[in-house]
1. Could you list all residues from region 66-82 that are surrounded by 14 or more Cβ atoms within 10 Å (Cβ to Cβ) and more than 17 Å from residue 14 (Cβ to Cβ)?
2. Hey, among 86, 92, 70, which residue is touching a Gly at 6+ places or on another chain (Cβ under 9 Å) and under 19 Å from residue 189 (Cβ atoms)?
3. Please work out if residue 103 is within 22 Å of the chain's Cα centre (by Cα), surrounded by fewer than 19 Cβ atoms within 10 Å (Cβ to Cβ), closer than 15 Å to residue 147 by Cα and free of Cβ contacts under 8 Å to residues at least 24 places away in the same chain.
4. Of the conditions (1) among the β-branched types (Val, Ile, Thr); (2) at pLDDT below 95; (3) closer than 15 Å to residue 91 by Cβ, residue 113 fails just one. Which one is it?
5. Can you name every one of the strands (runs of 3 or more DSSP E) wholly within region 131-235 that holds 2 or more residues which are touching a Cys at 6+ places or on another chain (Cβ under 6 Å) and surrounded by fewer than 19 Cβ atoms within 10 Å (Cβ to Cβ)?
6. In region 74-100, what residues are over 19 Å from the mean Cα position of the chain (by Cα) and not β-branched (Val, Ile, Thr)?
7. Just checking: which of the helices (runs of 4 or more DSSP H) contained wholly in region 8-122 hold 2 or more residues that are of a type in the set (A, V, I, L, M, F, W, C) and closer than 22 Å to residue 214 by Cβ?
8. Between residues in region 189-216 that are in contact (Cβ under 8 Å) with a residue 12 or more places away in the chain and closer than 17 Å to residue 46 by Cα and residues that are among the acidic types (Asp, Glu) and in a strand (DSSP E or B), which pairs lie under 8 Å by C-beta distance while being six or more apart or on different chains?
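The values are calculated or read from the model by the stated rules, or taken from the named source; none is laboratory data. Every value quoted in this text rests on a predicted model; they were computed, and no experiment measured them. Cβ coordinates were reconstructed from backbone atoms using ideal geometry, including for glycine residues, and neighbour counts include every protein chain displayed.
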Amino acid sequence: MSPEPALELEGLTVSYGGLRALSGVSLVVPAGAVVALLGPNGAGKSTTLRAVSGLVRSEAGQIRVGGIRVDRRPPHAVARLGVVHVPEGRGVFPSLTVAENLEMVRTAVAGGVDPVGGAVELFPVLGSRLRQTAGSLSGGEQQMLALARALLCRPRLLLVDEISMGLAPLVVDRLFEALRDRAAAGTPILLVEQYVEAALELADFVYVLDKGRVVDVGEPADIRRGGLLGAYLGN
């Protein structure tokens, strides 16, 4: 018997102030797979992730995590199912130190792993920044901190939103290396990403959104051959 998909969206519809952001979006993240959600700015990609984690309420449709409906659950209840969201725009507490940011996830870290030591193992540069406030870190270091916190929680479903935005290529490569390692270990990932080639290399499946609707879906090679992705991204 096949395992339940990590995530299923069926006919998801979301509006903000009367403006439709998502219109009947359906997608599946199979168990152990990486799915890239691509498309132009304003297509509804971040809204999709926010709906899954409970940060926005859907008007219609269903969201199932591991077969369990979550579209009417608050964010903390969704998080208890193992959904971890790395949001767009540096998901850290800027006034707390790096060490304090990491200590906050201690109870969520599996196997008694020390979150500070675990983060430094993932991203060694954080080892010399532990006493700094997170807001004083560079953009790349903040993203490393946000991703380290997420990965240390051993997510059953990882949502990652534009982790490369505004960062140098070497930093982006290191972040994607950490994502590749976690994907290889079987963690399902739904990835929103502007760095298209890196996303296509990591993904098992790709959905392309435009104006709140799915306009293309397939494996990365199919998406490349189809030519629609470049048209929707303006490439």
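1. Of all residues in region 66-82, those surrounded by 14 or more Cβ atoms within 10 Å (Cβ to Cβ) come to 66, 70-71, 73, 75, 78-79, 81-82.
Passing the criteria: 66, 79, 81, 82.
2. After ruling out the rest, the residue left standing is 70.
3. In short, yes.
4. So residue 113 meets the others, but not (3).
5. none
6. Taking region 74-100 first, the residues over 19 Å from the mean Cα position of the chain (by Cα) are 94-100.
Passing the criteria: 94, 95, 96, 99, 100.
7. 45-52
8. From region 189-216, the pairs are 192/161; 206/216; 207/216; 208/216.
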